[in-house]
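K.L.:
The structure is given below, and queries will be raised subsequently.
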Amino acid sequence: MAKNNHISPFMARLLKNKGASFGLILIVLSVLLALLCYFISPDPSPDANRIIPEIGSKKPGYTAILLRIKRDKIVRQPAFFDRLLNGAEESFQYTPITSYTITGDSIVYLKFVDDGITERRAMLRSLAGDPPVKSVTYYLGTDKFGRDLLSRLLIGVRVSLSVGLIAVLISLTIGILLGSVAGYFRGWVDDIIMWFINVIWSIPTLLLVFAITLALGKGFWQVFIAVGLTMWVNVARLVRGQVLAVRELEYVEATRALGYSHARIIFRHILPNILGPVMVIAASNFASAIVIEAGLSFLGVGVQPPQPSWGLMIKENYNFIITHNPMLALAPGIAIMLLVLAFNLLGNGLRDALNVRSKI
């Protein structure tokens with residue numbers, strides 16, 4: 001009962017904050033989308049990479065009639081967890097058409113080439129799927145390769161949340177370790193660690209990320225590690241300041257008098273009492289990591305195609321902003337804005353609910 005009484009006031013204060021509640025709802029929805037994206041995505045192929053060049057750069061709401069043609073090789077249906085992680089390989093090739101007729105064992109159809117341009121073709125009925133034709137609506141349109149923008153947007157949630165989570169874990173691990181050691185031992189240990197922190201602090205974040213990315217190489221995991229290795233400085237400075245204040249309190253003096261080891265005092269008695277500010281800066285770092293990853297992907301040194309990333313989607317389609325289809329770049333930009341806003345609102349709510357201001 002005591003535990004519930006302890007948790008309830010915190011949750012009540014957090015949920016009373018409308019901004020924090022809104023951010024929490026957005027984050028929960030984003031996590032669910034990231035987990036189930038291949039099951040709810042209109043294009044469940046790996047990386048939503050179903051390329052149909054004939055229908056490239058179509059506006060939101062565009063509907064295409066697609067002829068399903070069997071592939072040469074046999075495609076096995078993946079197990080549940082394989083599809084959850086990687087999607088399902090396509091069993092058919094898709095050709096956009098305007099009309100078709102079935103005559104005996106043949107299908108005669110007009111292949112869509114471009115607006116107002118068609119090409120008459122025929123094929124055996126046995127080479128088509130059952131049913132042979134599928135009508136697909138692209139609710140957010142298609143990119144220049146004819147891929148479904150909504151599907152790539154949904155799967156891109158996974159990249160943004162993953163880079164945020166891994167970057168925060170790396171930054172918290174390094175920052176808490178160095179910050180707590182510097183604040184607890186002080187003296188020459190503090191001087192050395194603070195010198196190192198100030199050196200890293202003086203390097204522009206984007207430049208440091210570039211250097212680490214070039215050293216580790218381009219790729220999915222490399223960008224996660226690179227972002228995480230540049231975000232621990234804020235955590236270390238905050239933890240150091242908190243530990244410097246807490247280490248002088250009576251209960252810490254009592255643990256020293258009892259002969260507890262330094263490691264036990266730091267990790268069992270000091271750190272649990274400064275988790276409030278750490279949780280707030282973790283939420284802030286989560287939002288920053290999403291923005292940095294999007295920027296790296298936009299510049300071409302982050303997530304590599306065909307894997308969908310919101311920053312990469314903006315890079316591929318930003319030139320359409322001033323032409324006929326601005327949604328290709330606006331949709332991933334709005335998605336980044338909403339997710340970053342959600343984590344910032346949650347961080348503000350945690351700050352108020354945990355009474356962080358009175359602790360600092």
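The values are calculated or read from the model by the stated rules, or taken from the named source; none is laboratory data. What you see is a predicted model, and the numbers here were worked out from it, not measured in a lab. Neighbour counts are summed over all protein chains in view; Cβ atoms, including those assigned to glycine, are modelled from backbone coordinates with ideal geometry.
K.L.:
In this structure, is residue 196 under 28 Å from residue 41 (Cβ atoms) and either assigned to a helix (DSSP H, G or I) or at pLDDT below 95 (or both)?
P.N.:
Values: under 28 Å from residue 41 (Cβ atoms): no; either assigned to a helix (DSSP H, G or I) or at pLDDT below 95 (or both): yes.
Considered against the rule, which asks whether it is under 28 Å from residue 41 (Cβ atoms) and either assigned to a helix (DSSP H, G or I) or at pLDDT below 95 (or both), residue 196 comes out as no.
K.L.:
Could you list, in sequence order, the residues of the stretch 112-161 that are of a type in the set (Phe, Trp, Tyr) and in contact with a Ser or Thr (Cβ under 6 Å, 6 or more places away or on another chain)?
P.N.:
The first filter runs over the stretch 112-161 and keeps only residues of a type in the set (Phe, Trp, Tyr), leaving 112, 138-139, 145.
Once the filter is applied, which keeps residues that are of a type in the set (Phe, Trp, Tyr) and in contact with a Ser or Thr (Cβ under 6 Å, 6 or more places away or on another chain), the stretch 112-161 yields only 112.
K.L.:
Before we move on, is residue 141 surrounded by 15 or more Cβ atoms within 10 Å (Cβ to Cβ), assigned by TED's automatic domain parsing to the domain that holds residue 59 and under 24 Å from the mean Cα position of the chain (by Cα)? It would help to see each step written out before you state the result.
P.N.:
Numbers: surrounded by 15 or more Cβ atoms within 10 Å (Cβ to Cβ): yes; assigned by TED's automatic domain parsing to the domain that holds residue 59: yes; under 24 Å from the mean Cα position of the chain (by Cα): yes.
Yes: the conditions hold for residue 141.
K.L.:
Still on this structure, please answer the following. Return yes or no: is residue 316 within 17 Å of the chain's Cα centre (by Cα) and of a type in the set (Asp, Glu)? Explain how you work it out, then say what you get.
P.N.:
Working: within 17 Å of the chain's Cα centre (by Cα): no; of a type in the set (Asp, Glu): yes.
No; evaluated as a whole, the condition is false for this residue.
K.L.:
Only one of 125, 76 is farther than 23 Å from residue 53 by Cα and under 35 Å from the mean Cα position of the chain (by Cα); which?
P.N.:
Values: 125 fails: under 35 Å from the mean Cα position of the chain (by Cα).
Going through 125, 76 in turn, just one is farther than 23 Å from residue 53 by Cα and under 35 Å from the mean Cα position of the chain (by Cα): 76.
K.L.:
Take the residues in the stretch 22-57 that are surrounded by fewer than 18 Cβ atoms within 10 Å (Cβ to Cβ) and of a type in the set (Val, Ile, Thr); name whichever of them is nearest to residue 150 (Cα to Cα).
P.N.:
40
K.L.:
Something else now. Specify the residue that is nearest to residue 280 (Cα to Cα); the eligible residues are those in the stretch 220-255 that are of a type in the set (S, T, N, Q) and either touching a His at 6+ places or on another chain (Cβ under 8 Å) or in a helix (DSSP H, G or I) (or both).
P.N.:
Of all residues in the stretch 220-255, those of a type in the set (S, T, N, Q) come to 222, 230, 234, 242, 255.
After this cut, where a residue has to be either touching a His at 6+ places or on another chain (Cβ under 8 Å) or in a helix (DSSP H, G or I) (or both) as well, the list is 222, 234, 242, 255.
Values: 222: 26, 234: 12, 242: 13, 255: 28 Å.
Filtering the stretch 220-255 for residues that are of a type in the set (S, T, N, Q) and either touching a His at 6+ places or on another chain (Cβ under 8 Å) or in a helix (DSSP H, G or I) (or both), the one nearest to residue 280 (Cα to Cα) comes out as 234.
K.L.:
Which of the residues belonging to the stretch 293-311 are buried (at least 24 other Cβ atoms within 10 Å of the Cβ) and touching a residue at least 40 places away in the same chain (Cβ under 8 Å)? So that I can check it myself, show each step before the final result.
P.N.:
Of all residues in the stretch 293-311, those buried (at least 24 other Cβ atoms within 10 Å of the Cβ) come to 293-294, 296-297, 302-303, 308-311.
Within the stretch 293-311, 293, 294, 296, 297, 302, 303, 308, 309, 310 meet the criteria.
K.L.:
Going by the conditions given, is residue 263 modelled with pLDDT of 90 or more and assigned by TED's automatic domain parsing to the domain that holds residue 13? So that I can check it myself, show each step before the final result.
P.N.:
Numbers: modelled with pLDDT of 90 or more: no; assigned by TED's automatic domain parsing to the domain that holds residue 13: yes.
In short, no.
K.L.:
Restricting to the stretch 184-225, and then to whatever is polar (S, T, N, Q) and within 27 Å of the chain's Cα centre (by Cα), can you tell me which residue is surrounded by the fewest Cβ atoms within 10 Å (Cβ to Cβ)?
P.N.:
The initial filter retains those residues of the stretch 184-225 that are polar (S, T, N, Q), namely 198, 202, 205, 213, 222.
From the residues that got through so far, the ones that are within 27 Å of the chain's Cα centre (by Cα) too are 205, 213, 222.
Working: 205: 16, 213: 20, 222: 20.
Restricting to residues being polar (S, T, N, Q) and within 27 Å of the chain's Cα centre (by Cα), the top hit is 205.
K.L.:
Give the residues of the stretch 86-113 that are in contact (Cβ under 8 Å) with a residue 40 or more places away in the chain and within 30 Å of residue 335 (Cβ to Cβ), sorted by residue number.
P.N.:
Within the stretch 86-113, 86, 87, 88, 89, 90, 94, 96, 112 meet the criteria.
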